[in-house]
Amino acid sequence: MTRLTEQAFELAKQRYADNGVDVEAAMEQLDTIPVSMHCWQGDDVRGFENPQGALTGGIQATGNYPGRARNASELRADVDVALGLIPGPKRFNLHAIYLESDGPVERNEIEPQHFANWVSWAKERQLGLDFNPTCFSHPLSADGFTLSHADERIRQFWIDHCKASRNVSAWFGEQLGTPSVMNIWVPDGMKDVTVDRLAPRQRLMQALDEVLSEKLNPAHHIDAVESKLFGIGAESYTVGSNEFYLGYATSRQTALTLDAGHFHPTEMISDKISTVMLYVPRLLLHVSRPVRWDSDHVVLLDDETQAIAHEIVRQKLFDKVHIGLDFFDASINRIAAWVIGTRNAKKALLRALLEPTGKLRAIEAAGDYTARLALLEEQKSLPWQAVWESYCLRHGVPVDAGWLRNVRDYEEQILSQR
């Protein structure tokens, strides 16, 4: 298989060279673009604070596939299996509820020590860590409001939680030598007709200002804020709308998070990237797959995933866009979900890097839209798969669906015993 893969790769290199593309340079560039895998795929967003508690805030992980991680050690072991089957650089994204402690810790009291095992694990694997405050699945979020809550005491609790989360995030960056991107998302909203839409947004704005009041070293920590169209239980009104957060990120110069499932089904975040980059310093992308709406299915190598990758590459946003995944499917093997989704994100990036963007720009600038369309379509049938397989070989991971055997073996030996 290796010899055939190498032969196919040499032929692919020549085909791409004929189109003005340096395949080796594309692979080198791919080696500089990490994709942040997310912890919550491994345990259905349960965390370790109260893993038997009910999910709230519109969070739903459907299915009951056996083998869910029940503690941090199991989760790390599962992630290790996935990491070994995905080529190229990765990061890992944690929520606050994935802390480890000998006893109960309130969310406004989390500290770096509660994530020390995660940092040790990440150091050994040369992974960067990202972070999220967890503003859902808690008694003080039960009525659907957190940072925009009308009760000052409850609102302050969530402000303090987000402040504590920033300190944890900055510690990640300091310890690991790469900035942690911390994303703030809150589920705040109302189920039915809402009379006062302004006051909760005023409170959210003021709360966020307090959360971000301490200046942290950008070499260690990056703040991001995330919008949503609506949520389960907040169908009529979402406080943190796209307009709210675009205005907030622009005026405060934070990073803006665009989630592929957080907009109307006909809206595509790939089309928003070039617009928002005019106004904000950084973007965090949550690459997901909505079905009907924000159902967080495993990422496919579909048109929108490819379009997102093309926007990153065509605009050369490598140092301004952070790529994270966001899906949680409990109906299939959870490790396989990580592998499928992350490999697809990387395939899309590779295909984008193999595009003769300079030639296409020149054709477009000359007004030759016939040639532009022709070349874009011919690109789709060039042998990018041979380049991908060679990339996998260089990183010592399976080149095709052979990785599924590794997952099945682990399922039989480990997951089935849980």
Just to be sure I understand: with springs between alpha-carbon atoms less than 10 Å apart, which residue in 164, 401, 365 has the highest mean-square fluctuation in the Gaussian network model of the chain? 365
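For the range 332-418, what percent of Cα pairs sit more than 22 Å apart?
Numbers: 1757 of 3741 pairs.
Distances greater than 22 Å cover 47 percent of the Cα pairs.
For the range 73-116, give the magnitude of the charge dipole about the Cα centre (Cβ charges: +1 Lys/Arg, -1 Asp/Glu; no others), in debye to the nearest 20.
Numbers: 4 positive and 8 negative charges, 70 e Å.
Roughly 340 debye for the range 73-116.
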Report the full-extension gain for the segment residue 292 to residue 370: residue separation times 0.36 nm, less the Cα-Cα distance, to one decimal in nm. 24.7 nm
Going by Cα centres, the range 6-38 and the range 195-232 are how many Å apart? 39
C-alpha center-to-center spacing [the range 275-313, the range 365-407] in angstrom: 19
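How large is the dipole of the chain about the Cα centre if only Lys and Arg carry +1 and Asp and Glu carry -1, each at its Cβ, rounded to the nearest 20 debye? Numbers along the way, then the final one.
Working: 43 positive and 57 negative charges, 92 e Å.
It comes to approximately 440 debye.
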Counting DSSP beta bridges in the chain, what percent are antiparallel, to the nearest 5? 15
Considering the chain as a Gaussian network with a 10 Å cut-off on Cα pairs, which listed residue, 359, 215, 163, attains the greatest mean-square fluctuation? 215
Starting from 0.36 nm per residue, how many nanometres of slack lie between residue 195 and residue 153 once their C-alpha separation is accounted for? 12.8 nm
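Would you please put 292-300, 255-263 in order of how densely packed they are, using the mean number of other Cβ atoms within 10 angstrom per residue and starting with the highest?
Details: 292-300: 18.2, 255-263: 23.3.
Going by the mean number of other Cβ atoms within 10 Å, highest first, we get 255-263, 292-300.
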Farthest positive-ward along the chain dipole, Cα basis, beta-carbon charges - from 115, 324, 350: 350
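Viscosity 1.002 mPa s, temperature 20 °C: Stokes-Einstein D of the chain from its Kirkwood Cα radius, in µm² per second? Kindly include the intermediate steps, with their values, before the conclusion.
On the way: Rh = 22.3 Å.
Taking Rh from Cα pairs, D becomes 96 µm²/s.
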If you wrap a convex hull around the alpha carbons of the range 1-154, what volume per residue comes out, as a whole number of Å³? 186
Relative to the longest principal Cα axis of the chain, at what angle does helix 198-211 sit, 0 to 90 degrees, rounded to 10? 80
Going by how many other Cβ atoms sit within 10 Å of their own, how do 313, 399 line up, fewest first? 399, 313
Determine, at each q value in 0.21 (inverse angstroms), the log₁₀ of I(q)/I(0) that the Debye formula gives when each Cα of the range 218-319 is one equal point scatterer. -1.16
Filtered pair list for the range 34-355 (Lys only, Cα < 18 Å, 8 or more apart or interchain) has a length of 12
Per the charge dipole of the chain (beta-carbon charges, Lys/Arg positive, Asp/Glu negative, Cα centre), the residue among 66, 4, 247 reaching farthest to the positive end is 4
Considering the alpha-carbon set of the range 356-398 alone, what are its Rg and its Dmax in angstrom? 14.8, 44
Evaluated at q = 0.20, 0.21, 0.24 Å⁻¹: base-10 log I(q)/I(0), Debye formula over Cα of the range 214-278: -0.85, -0.91, -1.08
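The numbers here are math on the coordinates, done by the rules we state, and not lab data. Just so we're clear, the structure is a prediction, and the values are computed from it rather than from any experiment. FYI the Cβ positions are ideal-geometry reconstructions off the backbone, even for glycines, and counts take in every protein chain you see.
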